[in-house]
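In what follows, a single structure is set out as structure tokens and then discussed.
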Amino acid sequence: PKRAHGLAYHRPLLLNSRQGRKALLDWFDGVSTARNMPWRKAWINQATVADGDDAHNRRQQLERRAYEVWISEIMLQQTRVAAVIDYWNRWMERWPTIQDLAKAEPDEVLSAWRGLGYYSRATRIHEAAKIVCGDADMRGLLPSSVDELVAKVPGVGRYTAGAISAIVFGRAAPMVDGNVLRVLSRQLGLFGDVKADKAVIDVLWAAADHLVKAIARDIPGDDEDKIPNIEEEEEQPSDRPGRWGQALMELGSTVCIPKPNCAACPVTSSCRAYSEGHQLAIKKGLAPKPTTPQDAATDIEDACTLCKPFEEFADDDEDTQNSNTVEVSKQQKSKSRTQTTLQSFYFTQTSSTTTTTTTKSKRTAKSEPGGLSPAAFDAIANHARKFPLKVAKKAVREQETLVCAIRRSSDGRYLIHRRPEKGLLAGLWELPSYILTEPQSSTAKTRKRDAEQYVKDLVDAKGLGGVKYVSDLGSVPWLFSHLKLTMHVHVFELDDRKGGGGGVESGEDGEGARSRWRDVKAIDDESMGTGMRKCWALVK
Ligand code: SF4
């Protein structure tokens, strides 16, 4: 492909730039409170913990801080910040400590999660709280290292572990969410699939790891650029790793958004995508030509095999390709993409003896000359927005269900079932539901027939009385990220007044029961998915 370059092109320029790193941290310090996130708080420096009572108080503070960050990070997965703030505040009011959460009833926890979606997250948090409080080593305090967090706390993956380790404990741990993957793919000029290509994902995580280690070693007040040697020095815990990780995430959610606002970005000078866009803007006459000579193309042996072909550059003239244009040795295209090769290549301080790169690929970030026009910034953003590679989404699966509300004549209660503890809407309550096997050919008539058969089988199996079809209340569409669900709601009346059964049978209604008869008020208070709650609103 054109836009050819060597592997060294993807070495983060911010690694060479103490000033660039400082610029991002300073920017974050100026905006960190703008979105009023209640979980963003000052770092607790454990080095200041004294003996005696003070040590006990500090440990409690640390426990609470780790708990707060953990809950916020889990809630923020798949949910917008603005929506999470109220949930987080209510959660902390209800269970201020991890010990309080560990003592909660499972239904209470699910109920507090209602509306956030992905309910298995709530179940796992609750399970994890019990484990962390019951463990003789942890005693309510989450571990500080990424490895221990991942190994000991259910539901905590390397992203959440990195966030807790860096933000709470000041460790130099990377935290890479979807927004950070986008920012880094642009900073590194890496045009790959950040969702599924493991080699691309590994390189971005490795870049984040090296960057957070570099920031952890930056000495405040020392503005000299120096290339950190991550093999030699040990980082001391500080607030810098946490601020840095949050700065990258904040940049990705407010500035380096899908169509980036590069004019407001504090790290343009280290951004490969920005630099390439700038070259295109110059070519189109939207930005002034540089006064310094451009680098000449140079042969290299270690060609990048991570980036996918980039059509925009393929159409350009040879002399207007980005300044890192290189002639690629064909034999290198099949070079191994193993992580070992990538790691050893990208992040060493000097190029290997068998590889030559252009001068600019080893450049350090410097302040960008300003004065670009809005049209030039637009051209830059239009180029940068192409990163990372867009991959067609998988088709959303479609499913239709019959939702059958069965009302008991004697007391007006409805039957509800609990969903399995694993999978979609795990552990939530629902009206009895049946998945249609051939939804494409279903009609109102066949759905009524199937609903009647399903309910008859259900009450027969429970040895209950006769059941009568009441009405069809229509359909409720509901969209999950991977599933388009249509719920057809039908109402039935169970006649249990002639002694035909219908009372609470063995195994129902007690602690741990999988099905219950509940009155309207009680069902209002049960933990239910939002789509099912809409069905219930039609019924009651
Ligand atoms: S693409 Fe633009 S906003 Fe994103 S990091 Fe680069 S310069 Fe900043």
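The values are calculated or read from the model by the stated rules, or taken from the named source; none is laboratory data. The structure displayed is predicted, hence computed values, not measured ones. Note: ideal-geometry Cβ built from the backbone for every residue, glycine included; neighbour counts use all protein chains shown. Surface accessibility is based on the protein's heavy atoms, side chains included, excluding ligands, DNA and RNA. Shrake-Rupley method; radii C 1.70, N 1.55, O 1.52, S 1.80 Å.
Listing for the model above:
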read-out	value
In region 69-105, the residues that are assigned to a loop (DSSP other than H, G, I, E, B), open to solvent by 30 Å² or more (accessible area, probe 1.4 Å) and out of contact with any Phe, Trp or Tyr (no Cβ under 7 Å at 6 or more places or on another chain)	77, 80, 96, 103, 105
Flag for residue 437 being of a type in the set (S, T, N, Q), surrounded by fewer than 18 Cβ atoms within 10 Å (Cβ to Cβ) and modelled with pLDDT of 90 or more	no
Only one of 454, 414 that is of a type in the set (Ser, Thr, Tyr), more than 16 Å from the ligand (Cβ to nearest atom) and in contact with a Cys (Cβ under 7 Å, 6 or more places away or on another chain)	454
Scan of region 140-161 for residues that are assigned to a loop (DSSP other than H, G, I, E, B) and among the aliphatic types (A, V, I, L, M), ordered by number	141, 142, 153, 156
Residue satisfying condition, being within 16 Å of the ligand (Cβ to nearest atom), modelled with pLDDT of 95 or more and either open to solvent by 20 Å² or more (accessible area, probe 1.4 Å) or within 30 Å of residue 70 (Cα to Cα) (or both), within set 256, 271	256
Test for residue 479: is it open to solvent by less than 50 Å² (accessible area, probe 1.4 Å), farther than 21 Å from residue 540 by Cα and in the same structural domain as residue 415 (by TED's automatic domain parsing)	no
Check on residue 180, in a helix (DSSP H, G or I), in contact with a helix residue (DSSP H, G or I) (Cβ under 7 Å, 6 or more places away or on another chain) and more than 14 Å from the ligand (Cβ to nearest atom)	no
Of residues in region 381-395 being aliphatic (A, V, I, L, M) and surrounded by 13 or more Cβ atoms within 10 Å (Cβ to Cβ), the one farthest from the ligand (Cβ to nearest atom)	391
Residue list for region 106-116, restricted to those being touching a Phe, Trp or Tyr at 6+ places or on another chain (Cβ under 8 Å) and either assigned by TED's automatic domain parsing to the domain that holds residue 426 or in contact (Cβ under 8 Å) with a residue 40 or more places away in the chain (or both)	110, 113, 115, 116
Candidate set: region 162-177, residues that are among the β-branched types (Val, Ile, Thr) and not in a loop (DSSP other than H, G, I, E, B); chosen: the one nearest to the chain's Cα centre (by Cα)	164
Contacts under 6 angstrom Cβ, first residue in region 512-533 being closer than 15 Å to residue 109 by Cα, partner part of a helix (DSSP H, G or I) and open to solvent by less than 50 Å² (accessible area, probe 1.4 Å), 6 or more apart	527/107; 527/110; 527/111
Number of the condition not met by residue 161 [criteria: (1) without any contact (Cβ under 8 Å) to a residue 60 or more places away in the chain; (2) within 16 Å of the ligand (Cβ to nearest atom)]	(2)
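Residue by residue, here is whether (1) open to solvent by less than 60 Å² (accessible area, probe 1.4 Å); (2) more than 17 Å from residue 253 (Cβ to Cβ) holds:
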| site | (1), (2) |
| --- | --- |
| 5 | yes, yes |
| 8 | yes, yes |
| 14 | yes, yes |
| 18 | yes, yes |
| 21 | yes, yes |
| 26 | no, yes |
| 30 | no, no |
| 37 | yes, no |
| 43 | no, yes |
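One line per residue, one yes/no per condition, for (1) more than 12 Å from the ligand (Cβ to nearest atom); (2) open to solvent by 20 Å² or more (accessible area, probe 1.4 Å):
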site: 235; (1), (2): yes, yes
site: 246; (1), (2): yes, yes
site: 251; (1), (2): no, no
site: 263; (1), (2): no, yes
site: 267; (1), (2): no, no
site: 277; (1), (2): no, no
